[in-house]
1. Could we say that Thr454 is without any contact (Cβ under 8 Å) to a residue 24 or more places away in the chain and of a type outside the set (D, E, K, R) here?
2. Does Ser78 fit the bill of being small (Gly, Ala, Ser), under 25 Å from Asp134 (Cβ atoms) and either at pLDDT 90 or above or in the same structural domain as Arg422 (by the TED database) (or both)?
3. Looking at the stretch 54-72, which of the residues that are hydrophobic (A, V, I, L, M, F, W, C) and out of contact with any helix residue (DSSP H, G or I) (no Cβ under 6 Å at 6 or more places or on another chain) is farthest from His121 (Cα to Cα)?
4. Would you check if His121 is under 30 Å from Val240 (Cα atoms) and either assigned by the TED database to the domain that holds Lys84 or out of contact with any helix residue (DSSP H, G or I) (no Cβ under 7 Å at 6 or more places or on another chain) (or both)?
5. How do the pairs read when you match residues in the stretch 89-105 that are assigned by the TED database to the domain that holds Leu60 with residues anywhere that are surrounded by fewer than 19 Cβ atoms within 10 Å (Cβ to Cβ) and part of a helix (DSSP H, G or I), using Cβ under 8 Å and keeping only pairs 6 or more apart or on different chains?
6. Which of the residues that make up the stretch 306-360 are in contact (Cβ under 8 Å) with a residue 60 or more places away in the chain, polar (S, T, N, Q) and not in a helix (DSSP H, G or I)?
7. Which condition number does Val207 fail, the rest of (1) β-branched (Val, Ile, Thr); (2) in the same structural domain as Asp63 (by the TED database); (3) part of a helix (DSSP H, G or I) being met?
Amino acid sequence: MPRVAVEDYDVPLLSLEGLVSQDNEEDVVVNSSALSRGDRRRNSRLSRLRELVPVGNAVLGIDLADTKQVVVLTDLDSQVVARKRVKAKAWELGLVLDWAQRTATAKGFAGVTVGCEPTGHRWRVVEQLAVQRDVPFVCVNPMLVGKARETEDYTRDKSDDKDAVVIARLVAQLHCYVPERADETWARLRQLGARRERLLVEATACVHQLRDLLECAWPGVLDAAAYPFGSSNWCAALSVVLKRCDGHPERLSRWTLARFESVVVKELPRWGGLRRRRAIIEAVFTALVDPNGVWAQRRGALERAGWVLQDWQATTQRVAQVEARMVEVLDELELTDLVTSIPGLSAVGAAAILAETGDPTRFDSPRALVKHAGLCPRENTSGNFCGRPQISRRGRPRLRLAAWRAAWGALHHNPVMSARYRYLTTRDDNPLTDGQARAAIAAALLRWLHVVTTRRIAWDPRVAGAEVMPLAA
């Protein structure tokens, strides 16, 4: 495997080489340098954090809640200088920040750095109050707070006062991060993405519920189409039956097939259908007299199924509305043409990913974005022991899910992805399983999106195709 020059480590397409941890590459000294690539990145991150938590500053740790806020002011050794309990909403914490600045100045500190957990929406309120006062603001991962409680006094006690001290200590030790400060457009995309994800969950729940009801009360109708819930003709026919049968589908069997078909055709546009499928409509008509099912449950189950079907239709329409607005935001950001230059990736799929990442320019490298999604390989070695590597699963799970969905749909339409998938699953040395290969493809998609959006260049299949060969690093 050829070495990559130090200055070229952020080339558009990085290695998709199996589930092999990339950390060992970062920790190897490159070109006889005194520091490895991982050392330099870590030092750069710590330098940025030290600018926000300078040596002369005090640290204000805040344990946020609804109406009771616990704040503690410490030095960089986490020695408590002052503490306070406040009964106030997050919007009323401006007075607390002013108190912290006055107290820190009186104690000889140059300023104050505010730190808290990203609790709900409240941390954004505190961030805005800090920005208005030109006070540095950082966040602490709640997972680190939970693990650090025991190191504070060797107990697992949890209290607001203890958490505030732990938060301040982690900030002083630079175990914190700079939260995303999105502008209005990126913030809108984030909110639309969250709304779309919630609607998709509701729509999926409706499908499962509808399938369960039909399997119990009227299983024959599920066999009328190979993929019933993906067929607009089947959905339109089912809607016609559930609206008119009053829990007894056999009543509509008195109609002629021609009459039933004409009513279904009128219903078809409401389900997005353009062409009638007589075979499906006829199969639903034949299933009207199907004797299978629990007859005692049929009337109530089909009545409920009618409501669930309406909920599913309404939810699907709302999903389409939200997705249209997400594409509008991409157009506003002038990213639509760039992200759709990747074959197989739709504007909606790219918008779903970018809604979770935020502005990709905040990540210093494509690899950092992959780590943010939890798709980077996790190393498990010690001495001569070499365990089975897996993806880290840290970071944003919804970003990982969005990348997985997009890669799943694009795999069969993108020749570079298809070739890479075949190589990863059929190579002689360490062939990957189907899921592992798809995870590697999803990570590659995130790297491509980072380069395309940050450098404002279209996807180049020639550069991407170079990654197919086993030589690629």
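The values are calculated or read from the model by the stated rules, or taken from the named source; none is laboratory data. Since we're looking at a predicted model, the values are computed, not measured. So basically every Cβ, Gly included, is an ideal-geometry build from the backbone, and we count neighbours across all protein chains shown.
1. Numbers: without any contact (Cβ under 8 Å) to a residue 24 or more places away in the chain: no; of a type outside the set (D, E, K, R): yes.
No.
2. Values: small (Gly, Ala, Ser): yes; under 25 Å from Asp134 (Cβ atoms): yes; either at pLDDT 90 or above or in the same structural domain as Arg422 (by the TED database) (or both): yes.
For Ser78, the condition - small (Gly, Ala, Ser), under 25 Å from Asp134 (Cβ atoms) and either at pLDDT 90 or above or in the same structural domain as Arg422 (by the TED database) (or both) - is met.
3. Here the answer is Val55.
4. On the way: under 30 Å from Val240 (Cα atoms): no; either assigned by the TED database to the domain that holds Lys84 or out of contact with any helix residue (DSSP H, G or I) (no Cβ under 7 Å at 6 or more places or on another chain) (or both): yes.
Answer is no for this residue.
5. Cβ pairs passing all conditions: Ala90/Val125; Trp91/Val125; Leu93/Val125; Gly94/Gln132.
6. Matches in the stretch 306-360: Ser341, Ser346.
7. Condition not satisfied by Val207: (2).
Residue by residue, here is whether (1) closer than 22 Å to Asn141 by Cα; (2) not β-branched (Val, Ile, Thr) holds:
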{"position": "Ala324", "(1), (2)": "no, yes"}
{"position": "Val327", "(1), (2)": "no, no"}
{"position": "Leu333", "(1), (2)": "no, yes"}
{"position": "Ile342", "(1), (2)": "no, no"}
{"position": "Val348", "(1), (2)": "no, no"}
{"position": "Arg362", "(1), (2)": "yes, yes"}
{"position": "Ala373", "(1), (2)": "yes, yes"}
{"position": "Pro377", "(1), (2)": "yes, yes"}
{"position": "Gly383", "(1), (2)": "no, yes"}
